[in-house]
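The values are calculated or read from the model by the stated rules, or taken from the named source; none is laboratory data. All figures in this text were calculated on a predicted structure; none of them were measured in a lab. Cβ placement follows ideal geometry from the backbone for every residue including glycine, while neighbour counts extend to all protein chains displayed.
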Amino acid sequence: MNFMEKEKPIGVFDSGIGGLTVVKRLMSVLPKESIVYFGDTARVPYGSKSNETVIEYSVQNTKFLIQKNVKAVVVACNTASSIALNELRKQFDVPVIGMIEPGAEMAVHQTKNKKIGVIGTRATIANKAYSKAIKEINPDIEVFEKACPLFVPLAEEGWTNHKATYEIAEEYLEELREKEIDTLVLGCTHYPILADVIQDVIGKNVKLIDSGVASSEVVREELRRIGLETNSAVPGNAFFYVSDIPTTFKQVAELFLGKEIKEVVKVDVSELGK
């Protein structure tokens, strides 16, 4: 394998800031790898868009990352993973890793009572992406899904400990509590930002599954399998691009990643996919 190929960065895209939860995991699991992150903040959220639009945006985002010379693409968005993954794998010849299969597998291995809850955007829930993936692994498991669309803007605002967030979580999660689930999949990469609130409301006995954790392990295995792990002896760099710069992006990103972000570069939406 060409040395230069190994030293290419990993590309990550999401509809907004949620994918930073995946970046954080990748930095932990693969600290020597460099990362190029694209947050499509001008067009967030994806969860309320049509399947055709989500595929179109996902192809554009992937083209942007390919132009940045990445060696693999992580679709750090459950909505895009549930809708666009097959199309991306058809169109691009780099490994494309999504959120659904790794998260489903982790949930199946975790559950003891075979009752799994899944929360996500309307699109992810409507496509029954996790239900299908979980049932493929173990058809005996009961899956209870709930769309929680307001969690995305709350995460984008950085309202991680706000009274309103608790009230909305109570409203959303009450019916899942009644199902006596023992495992809850956070089926949107924004949701780990609100993990403390979700855990408080759903109950301490319920195991939260972060698909970003699971997918990061899959990325490591895939790079190892195809011989594309970096040979670098020093920590990798991270580069951040967004299609719009919300005032809270840098602040929330630094808070979440636990490190300073030197620069966030704005990309013109009209240039995406060219």
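Summary of values
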read-out: Residue within the range 251-261 that is acidic (Asp, Glu) and more than 26 Å from SER82 (Cβ to Cβ) present; value: yes
read-out: Unique residue being over 16 Å from ILE209 (Cα atoms) and either in contact (Cβ under 8 Å) with a residue 24 or more places away in the chain or touching a Leu at 6+ places or on another chain (Cβ under 8 Å) (or both) when the list is ALA129, ALA104, ALA80; value: ALA80
read-out: Selection within the range 13-44 - assigned to a loop (DSSP other than H, G, I, E, B), under 22 Å from TYR191 (Cβ atoms) and more than 15 Å from the chain's Cα centre (by Cα); value: ALA42, ARG43
read-out: Candidate set: the range 70-98, residues that are in contact with a helix residue (DSSP H, G or I) (Cβ under 7 Å, 6 or more places away or on another chain) and charged (D, E, K, R); chosen: the one nearest to LYS6 (Cα to Cα); value: LYS71
read-out: Within the range 45-82, considering residues that are modelled with pLDDT of 95 or more and assigned to a loop (DSSP other than H, G, I, E, B), the one surrounded by the most Cβ atoms within 10 Å (Cβ to Cβ); value: ALA76
read-out: Helices (runs of 4 or more DSSP H) (entirely within the range 98-151) containing at least 2 residues that are among the charged types (D, E, K, R) and out of contact with any Ser or Thr (no Cβ under 8 Å at 6 or more places or on another chain); value: 100-110, 129-137
read-out: Criterion: outside the structural domain of ASP93 (by TED's automatic domain parsing), touching a residue at least 24 places away in the same chain (Cβ under 8 Å) and of a type in the set (Val, Ile, Thr) - qualifying residue of ILE226, ILE202; value: ILE202
